[in-house]
Amino acid sequence: MNNTTDSVLTPFTQNILDSVERQNIQMVSFDIFDTLVHRKTARPVDVFALAFEQIQHQYPLAMTAAEYRELRQSTEMRVKRGAVSGEVGLNDIISALPFNADIKRSLLDAELAAESACGFLNQAICQLIATLVNNGVKVVLISDMYLSAEHIRRCFFAASETLQQLPLYVSCELQCNKATGKLYQHVQRVEQINPRHWLHIGDHPVSDGEMADKAGIHCALLRGALNEADIVKQEITLFTSDQHFNAARLISTAHYHHNRSAAFDIGSFVWGPILFAFADWVIGQALKTQSRGILCLMREAEVFAPIIEWRLAQRDIHSVRVEKLYASRKSTFWPGIDVSQPDWFEDLIYVLVQRRGYTVADFYRDFRLSADGLLTRYAGVAIRDTDGLFEQGENLLKLLTSNARSNKSVVQDYIGEQRARFTRYYQTHIKMGLDECVTVDLGNGGTIPHQIEAIMQTSSKANLLFYSSERIYRYADKTHYSSFVSAHSDSRNLRQLLSRSPECIEPFLVGDCGTVTGYSDDEMATPEQASSLPENSAYVQDFLAGLKCYFEVHHQYQLAAIDVQDVLPLLYRYIQLPTRTEALLFTHILHQDNFGSNDAYPIITQAQGDEVSHWPVAEFYQAFCQYPKIKVGKIHWPQAVITLLDDKYLSRQNGLLSMDTDADVLNLMERVLAQQWQRFAVYGAGLFFEKLLPHLQKHNLHIEQVIDRKAEISGPYQVAGFEVQSLQSALQNGCDKILISSFAFKDEIARNIYEQSQLQSQGQSKGAIDILSL
């Protein structure tokens, strides 16, 4: 097959072209919104708020844009429930608003203008369509939408002659939709296409996926490894910030996720916008301080350096140079010790003795002590435990520290040698003064930047951290810091959460290279590194590839800059409400301490899960909320461990499931299928029923009657092609199984059904009514 302009094809579109040829596809249909057309808003309904903002200065309306957005949403639902097919157009919705004719006319025009201003075409899909058309494949557009075909062409396709000429099937005009499968049937009749030769492309798992598949149509979904829709819903529910970059997240994830691990999606969909904003912040700080260089400290430099270079290139900035400065807490620890201070030796002993995992053997190595019987007997003992051990009646810790003091001059010479090596490495590699540069590190205590300043005997232009904790104030007399997630932007204790569980991101940021342990005594003072982590290589590469795709997509569509406040919802959700896919990935990823240990350990283990489940989970979570540092160092990411034990637990604790109608619908469907109900009545004809109906139809379940209390008040009425009647009427017609399509009033409804059925069966031999609800 002839592929035009192959260079712009994404893995997804290339796969579509291959499938078209392989499966002898003669027609390809495209969903429109979130497939061909995207919006520069956090969610589609934000267009309503933008429309209201355009006209609110013209009219004395006591309403905010957010309030109008809710009104516009609820009006659409109300009008749909009153339509026989459940499909309505924009004119119908606007006409049902509680305003006069002039305001309605203005709102209609403003909404179309907002759609046009916010909407943009996915260029990869446009190129795919052009290629298919050039190759003689029929292309049609198909959408469940309240905008008419004329509206869609005018708002989004004005600049594309190809798209203007494509057949366009819209649910509001045809009074049938993809969610029920009837729109596919209509298109099939009009186009006279055999489903075996038809491929449909969209983003919705039910209307674009399951319903197309049910109709015998080939389908391809633009989705990644994560449940993107649920993640965005959680972010928007928890925060009110404007995530205008969500379209870029979806495009970069769906188009480029191809035979990659979930690490790619974490890079593109979750951390892409976060690190995009961080890179711009770093560049802004460098320009503000008139710095010549940005020094990214190892090991985070493996990611920080390239993302900053990408943004410098995209912004056409050439006045600032980016360098990786291979430095760790371990490699800068010894050369950073100021031996001119009178208490330097006692301070050194105190710091090392407090270090977790520090052994007697480590003590002998660091204080340059010769091997003896003490080392032979106690080599593997933690130095912290030596205070409780005795050797020939003498406290072992006291004995060791006494031996170290006798070697003080040797240690001092060693410190001088290490400082000389680091200085030689810096001057050879960086070739800029520290006072001309900003340093960039993940955080949280700012130890490495402080130690570098101590070694070089000068201050950098600025020391930039992704996040910080109160530990940075240990050095407040000599070193100052600026943090991306700072006291100004930290509204949900995010710095504390990251400080508690840095393992949830560090393995991706540090790459698969081992931490720097020191510098060689050669001409270049070449950095010496601990063992690498080849087990992490594929995941790290996927993560970085995901980041790059996000950066490229965001830049390609010239989306607005991102502020730290915009990405706090992404960061908070990722740490506090990880998905099962995200948590499971961390059972395969290893982590290595940055103080020089060659020991790598898995972040999430079965043993951690067993320990949490034995509390049990509810008690552990309560303890964790009260004491966040509980099991620190042993259970590295508690929220992810909990998710692996119960992937809905954290959502329930945050009150997200109680407001999640979509989740309730799926849970109710599981109950129906488990009970093997095939024919039944449905009580409740509102929004819940509207969302439940496609799932019932997908499984070929027969709705005998639809019941709603409203019919008792105003008489029978129509909803989605069903006549809605009163409960009494349904019972008289022989109803014996009732599915309650409501969550909020399910108990009251069940009680009413039971009482009325008892009245109906008095003096009769009728059996009890079967009731199924959430």
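So the values come out like this:
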read-out: Those residues of the range 482-518 which are touching an Asp or Glu at 6+ places or on another chain (Cβ under 7 Å) and either more than 28 Å from D366 (Cα to Cα) or in a loop (DSSP other than H, G, I, E, B) (or both), in sequence order; value: L509, V510, G511, C513
read-out: Which listed residue is under 23 Å from V282 (Cα atoms) and among the aromatic types (F, W, Y), from Y621, Y557, Y601, Y539; value: Y557
read-out: Residue that is farthest from L494 (Cα to Cα) [pool: residues in the range 605-634 that are loosely packed, with under 13 Cβ neighbours inside 10 Å and in contact (Cβ under 8 Å) with a residue 40 or more places away in the chain]; value: G633
read-out: So G433, is it surrounded by 15 or more Cβ atoms within 10 Å (Cβ to Cβ) and on the phi > 0 side of the Ramachandran plot; value: no
read-out: Subset of the range 475-493 that is farther than 23 Å from I283 by Cα and not acidic (D, E) - its residue that is surrounded by the fewest Cβ atoms within 10 Å (Cβ to Cβ); value: A476
read-out: Close pairs (6 angstrom Cβ cut-off, 6 or more residues apart or separate chains): assigned by TED's automatic domain parsing to the domain that holds Y519 and on the phi > 0 side of the Ramachandran plot in the range 403-424, surrounded by 14 or more Cβ atoms within 10 Å (Cβ to Cβ) and of a type in the set (S, T, N, Q) anywhere; value: none
read-out: Residue within the range 240-250 that is closer than 28 Å to A525 by Cβ and surrounded by fewer than 22 Cβ atoms within 10 Å (Cβ to Cβ) present; value: no
read-out: Condition met for G393 (under 29 Å from K631 (Cβ atoms), surrounded by fewer than 16 Cβ atoms within 10 Å (Cβ to Cβ) and modelled with pLDDT under 90); value: no
read-out: Meets criteria (over 24 Å from A279 (Cβ atoms), surrounded by fewer than 22 Cβ atoms within 10 Å (Cβ to Cβ) and at pLDDT below 90) for S520; value: no
read-out: Odd one out for Q188 among (1) surrounded by 19 or more Cβ atoms within 10 Å (Cβ to Cβ); (2) more than 11 Å from I32 (Cβ to Cβ); value: (1)
read-out: Matching residues in the range 424-448 - criterion: being closer than 17 Å to A476 by Cβ and part of a helix (DSSP H, G or I); value: T447, I448
read-out: Lone qualifier among D372, D366 - being surrounded by fewer than 13 Cβ atoms within 10 Å (Cβ to Cβ) and outside the structural domain of A525 (by TED's automatic domain parsing); value: D372
read-out: Boolean, P569 is within 29 Å of K634 (Cα to Cα) and not basic (K, R); value: yes
read-out: Residue in the range 724-746 that is modelled with the highest pLDDT, counting only those that are outside any helix (DSSP H, G or I) and among the hydroxyl-bearing types (S, T, Y); value: S726
read-out: R292 being of a type in the set (K, R), at pLDDT below 95 and either within 21 Å of L442 (Cβ to Cβ) or in contact with a Gly (Cβ under 9 Å, 6 or more places away or on another chain) (or both); value: no
read-out: Lone unmet requirement of (1) more than 22 Å from R22 (Cβ to Cβ); (2) modelled with pLDDT of 95 or more for S207; value: (2)
read-out: Qualifying helices (runs of 4 or more DSSP H) (wholly inside the range 536-595; at least 2 residues being small (G, A, S)); value: 537-556
read-out: Residue identified as at pLDDT below 95, small (G, A, S), surrounded by 15 or more Cβ atoms within 10 Å (Cβ to Cβ) and in contact with a strand residue (DSSP E or B) (Cβ under 7 Å, 6 or more places away or on another chain) among A327, A305; value: A327
read-out: Failed item, numbered, when T479 is tested on (1) in a helix (DSSP H, G or I); (2) at pLDDT below 95; value: (1)
read-out: Of the criteria (1) surrounded by 21 or more Cβ atoms within 10 Å (Cβ to Cβ); (2) modelled with pLDDT of 95 or more; (3) among the polar types (S, T, N, Q), which one T10 fails; value: (2)
read-out: Candidates L97, L147, L174, filtered to the one that is under 21 Å from H204 (Cα atoms), out of contact with any strand residue (DSSP E or B) (no Cβ under 6 Å at 6 or more places or on another chain), free of Cβ contacts under 8 Å to residues at least 60 places away in the same chain and not aromatic (F, W, Y); value: L147
read-out: Criterion: in the same structural domain as Q14 (by TED's automatic domain parsing), in a strand (DSSP E or B) and modelled with pLDDT of 95 or more - qualifying residue of H186, H200; value: H200
read-out: Criterion: modelled with pLDDT under 95, farther than 27 Å from H588 by Cβ and not β-branched (V, I, T) - qualifying residue of Q243, Q234; value: Q243
read-out: Among residues of the range 25-48, those that are of a type in the set (S, T, Y) and assigned to a strand (DSSP E or B), counted; value: 1
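The values are calculated or read from the model by the stated rules, or taken from the named source; none is laboratory data. The model shown is predicted, which means the values in this text are computed figures rather than measured ones. Because the Cβ atoms are built from the backbone with ideal geometry, glycine has one as well, and the counts that use them run over all protein chains shown.
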